[in-house]
Each structure stands twice: as C-alpha cells, then as structure tokens.
Amino acid sequence: MLTLEDIVSGRLNIPFKPVPSMLTEGYREGAIWVRFSLSAPGARNRWLLQVERPLIEHVALYVRDRAGHFVTLPSTDLSGDDGAPRAYATLFSIPASSAETEYYIRFQSMTSITTALKIWQRDGYAEYRRSDNWIMGIVLGAVGAMMFANLLYAYLLRDSLYLLYAALLVESVLMTIFHLGYADEIFQFLEPKSIHRAWGAIVCLYSIVMVWFLARLFEFRRHWIWAWRIIQGIILLNVIALVFSIAGHYGDVGFFVSRLQQLSYLFIAAFVLYLLIVLKQRQYLLSALAFACVITVSLVMQSQYAGTNLFKIDTSLARFMAIGTLIHLVLLSAAVAQRARFAELSLNAEKDRTIAVSQLAERQLAMKVRERTAELAERNASLNAEVDRRHLLELKLRQSLDAVNDALAQQRDFVALVSHEFRGPLAVISAAADNLSSVDSTDNTRLRTTRIRQTVKRMSLLIENVLAGDRLHGGQKAFPTTDSVDVNEVLRTVKAGLDDDVAGRVSFIDGGGVTVKGDRNLLEIAVQNLIQNAMKYSAAPGPVTVRLSTDQGVAFVYVTDQGTGVAPGDREFIFMKYYRAVGQPANGSGLGLYISREIARQHGGDLTLAASDKNGSTFCLSLPIEGAEALTT
C-alpha cells in the first residue's frame, strides 16, 4: 500500500495526471491520491474544502505544518459538532496563505470514486447548503404528496402497482438523502459502518423496486411472458447483490450492480419501443416519456460511477441526481395517475355495461318467468295425469312381479322334484350297468357299460349343479351351517368318485393339512366341475393335474389341463351362466364354471383363469383358510 511519503518523495516515479472536471475513477481497489495547491489573499486565510457526492467512506486530507511535516486535517461541520464520528467526511477547514500551499487527499471507497472538490468561504458554503435544504424539502414534500395519492389509489383500486410505486418513492428519497449528504444527520443513531452498509442495500433495493415497477407498469407478463421471465432473473441477481451488501461486501458487487442496472434499463427501453412501434400501444406514451427521464438520469449517473464523464459534467452531481429524480418521479406519478384514470374509466364502463346487461337480463327473466309459469301449469296437469297412469302401471307391475315370483317358486319346486325323481332312475341305471358288466365281461359289453356309467355321472353332476344353482340364487343362504372342511379330504373324495379311465388321467398333488369353513358338498361340486371341464376340453390321454397349495392364509386349488386353451375373446365370458364358446365341439350346459365360481365366492374366495395358451389352461380356486381373514372379492 502506498504511503504519503511514497507519493511526495517521487522515488516510485508515480506521475499525477490533471483532473479536467470531476474525478471519475469508478469502482476500483486501492486508494486514489489527489494533489492540489491553494493560495489566498491574506485577509481570507480560512477556507472550506467540500467533497462533492459524499459517498466515499475514507477521505484523508494532508498538509505540511510549519516544521515541514505532513499532518492530517480533521473534517469539520458547520453545526460545530466536529468531534462526532461521521460516516462520510465531506467538509474540511483548511488554512491558506498568500504563498502557494500543496495539499494531498487520499480517497478509498467500496463504492465508485466519483467526486469533485470545491473551495468555499464559510458564508458561501452556508448559502449553498441552504439551497440543498430547499431542494431536499421540495423532494420530501413532493414525494409525501405522491405517496399519499398512491396509497389512496391502492386502497380504492385494489391494485398492488401503487404500493410498489410507493416503495419506489421511499427508495428515491433515501437515494437523495445520501447524495445530498444528509445521511449523517438523519441516521445519526447508526454507526458509520451501518450507514455504509445501508447505502449498498439501498442501491440494490432501488434497482429491484424500479425494475419490478417498470415491468408492472408496462405489463411485461401480458405482452410477452419471456420478457417477464428476464425481468425476474434481473430481480433475482439484484437480490443476491443485496445479500452481499447487507453482509458488508457491497464493494465486491457494486460495479456489477451498476452494469446490471444499465443493461436492465436498456432492455426495458427496447421492450417499450416494441410496445409503441410494433404493437402500437399508445396508452403507454406518457409512461414511456417518464421512463426516458429515468434512463437519462440513470445513464448520466452510472457513466460517472463507472469512471467516465461522457457528458462533461462539472457541477453538483448530487443536485443533478436530486432534480432529475424529482422530475422523473413527477412524470411517473402522472403516468400512474393516468393509469388510475384509465382504470376508473374502464371500471365505469364495466359498471354501465353490467347495469345494462342486468336490466336486459331482468326483462328476459320476467318474460321467462311468465312463459315458465304457463308451461308449469300445463305440465302440472299432464303430471297429475302421468302420476295416475303410473299408479295404474305400478299396480299392474306388482301383480306381474307376484306372478313371476310364483312362477319362479313353482319352477324351483319343479326342478327340485324332477331332480329328485331323476336320481332314482339314474341310480337304477348305474346299478344295472354294474351288474351287466359283472355278468358279461366281454370288451363290447364293458365298453357299453362304461359309457352308461359316464352318462349317468354327467347327468348326476348336471343335477347337482342345477340344485346348487338353485341354492345359491334361490333367496336362501347357500349353506346355513358351516363346518371345518379338510380340503385334502375333499380332493380325495372327488378322486374316489372318478371312473377308472378318468382317474388314470388325473393326478392329485397333496398340499398338506388345509382346513376351510364351508359346505363340504358344494366344495366337492366345485372341484368336480373343474376336473370335468378339464377332461372335456383336453383330448385323451392328455393328463390333468390337481395341485393344492397355500399362501398368506389362502388355500389354492390349481386344475391344469393340456387342451387347446381358452380363446382370448372368450376369457371374460366363460364364467357367465349358460355361456358356450362358438364352434365348441364338446357337450355341456354352460353351468359348471359359473356354479364353481359362485360356490367359491359364497365361501369368501374366488375362481379365476390363472393361465391359458395353446398348450392348455390352469384354473385357480382360492378359499380362505380357517382362522385367516376372508378374501375380499
């Protein structure tokens, strides 16, 4: 770090360059040294040195004393409170003699080093500050009036844009306070470091609120959603910079914030031109004029902060900023007021339209009421007639239902009677076939008696299915009392009832001791139907496998054949009552699978087609094991 001795001695050969107007060194690390000389008439040997734009944190003024040593001159205050710590050193009392005296000033800041040095007599500086007081008072008064108006607009119109503009007004006042050098006076309750941090946070907040407000004012989201997305990204970057500023690192992001503000204004300007020229949105003309003033002030200020003086300004930058801010706030207020006026006109037009529509609707409603009253009178008469007719139909329907119920009861009685009467002759025929086979053991006789017994068994199974279907759907419980049934015993009973040639094709795989609650006879019928179905649809000597297994409290009886399988189009219909697949050569009544599934569901289980392809089919009969939770169907 360079010291004053390094600068004065010249041993480092560091040249000074002239400052043509304002000192515009921009954002940079390290210190800036300024050298100037001053001589004055003997009658006026006390002068004031003013540091314009008082936003430089570290300012030190050096002058030689009578012994030739450099000493630091303290900052001063016209109020007389010279000992109080100040966030920004803006005024120094310097001695001046008729002989030319050299002074050195060291500037170092986390913000832009942009300033100008002014020499005053005390009276002249006091008059200058009175002018600043007037400017500050005018700004505060105007902003106060505008804030009141916008808060009123926000309340009456329920539009958050006016609250956003009120926040922008607050930020603009804070910016003016800092630029005119009133921060130490107004925020005297804060430490200097806190005031330095506050300035960085205010700059970031100003960028956030201004960009957000302009995007709302020109309705970016309505005209082009991607423009609104870009604005959101700019706001997010400023929020990140705000976090750095609050943490005391504004010097690391100050240049970025300045450039981001310039780019965002240029983007908004391009979008506004697009609205005015391409989309011909003339209602934004006054808002665009106000924004042009914003851009002018911002570009002038930002060019100074970035280290350039493109406009060759050699006057009070703080006053330029304050007056420019006041002008663009007034224009923006006019634009916001115009928006409020448009909103009011639109609201009044909408009210008039609503009233007209309501009146028209009221007239139409009255006409509709008269028409509907007449229609209702006619319909009431026809409804009374319809009610009488339906009462008569209901009476006839009851009589028909009673007749149907009587017929169904007679049918069930007839089926039970016929089934009972068929059992006797079938038993006689079966016994006669057995006697005949024992008397005559020739092959022809044995073949004929085997066919007789098979036919008797089919007829017996059909009778059992008919009676079982009558029990399942006859309005009574399928099994009034339930017993503990060993499934293996059921399979053994079914196996024992098979003919010898059939039993040779069927293999049973025992699954261990499995007990279920239910009706033993119905369960035997269900298994018999599955085995008969497998035998019927698989050509001899194709085997049929009956396998018992258990899993998670459920018993599964799998019956697998090696037939041609069930066609995909028939799989959802094979469990329907009396359903027979088209072109099926095997004989049957279409009751077996239907009865077996109903028996399974009456026992809390189910019957499903587990697998089927060209190599055969597998049906799965599931039953809840006794003591386990019933299967949900």
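Tabulated values for the structure
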| read-out | value |
| --- | --- |
| Residue 219-residue 370 FRET efficiency (beta carbon distance; Förster radius 60 Å; 0.05 resolution) | 0.80 |
| Pairwise FRET efficiency - residue 189 versus residue 9, Cβ, R0 = 41 Å, nearest 0.05 | 0.40 |
| Rounded to whole Hz, the Karplus (6.51, -1.76, 1.60) HN-Hα couplings of the stretch 56-68, x for glycine and proline | 9, 5, 10, 10, 10, 10, 10, 8, 7, 8, 5, 7, x |
| Spacing of the two label points (7 Å from each Cα toward its C-beta) at residue 121 and residue 580, in nm | 13.1 |
| Lysine pairs within the stretch 484-633, Cα separation less than 22 Å, 8 or more sequence positions apart or different chains | 4 |
| Ranked packing of 596-603, 561-568, 208-215, 549-556, most packed first, by mean Cβ within 10 Å | 596-603, 208-215, 561-568, 549-556 |
| Loop sites in the stretch 74-183: GluC sites (Glu not before Pro), DSSP, at most 14 other Cβ within 10 Å | 100 |
| Spin-label pair residue 100/residue 601, simplified geometry with 7 Å Cα→Cβ offset, distance in nm | 11.6 |
| In sequence order, calculated HN-Hα J values of the stretch 344-350 (Karplus, 6.51, -1.76, 1.60; Hz; x Gly/Pro) | 5, 4, 5, 5, 5, 4, 5 |
| Amide H within-cut-off set for residue 101, under 5 Å, with H built and near neighbours excluded | 38, 39 |
| Sites residue 341 and residue 381, calculated FRET efficiency, Cβ-Cβ separation with R0 56 Å, nearest 0.05 | 0.40 |
| Inter-label distance for residue 615 and residue 570, nm, one decimal - labels placed 7 Å from Cα along Cα-to-Cβ | 2.1 |
| Extension gain, residue 236 back to residue 148 (0.36 nm per residue minus Cα-Cα distance, nm) | 28.7 nm |
| For peptides 222-235, 64-77, 172-185, sequence by mean Cβ density within 10 Å, most packed first | 172-185, 222-235, 64-77 |
| Fraction of beta bridges assigned by DSSP in the stretch 480-624 that are antiparallel (%, nearest 5) | 85 |
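Since every read-out is calculated from the coordinates, none of them should be taken as a lab result. Everything quoted here is computed from the prediction, not taken from an experiment. For neighbour counting, all protein chains shown are included, and Cβ atoms are generated from backbone atoms with ideal geometry for every residue, glycine included.
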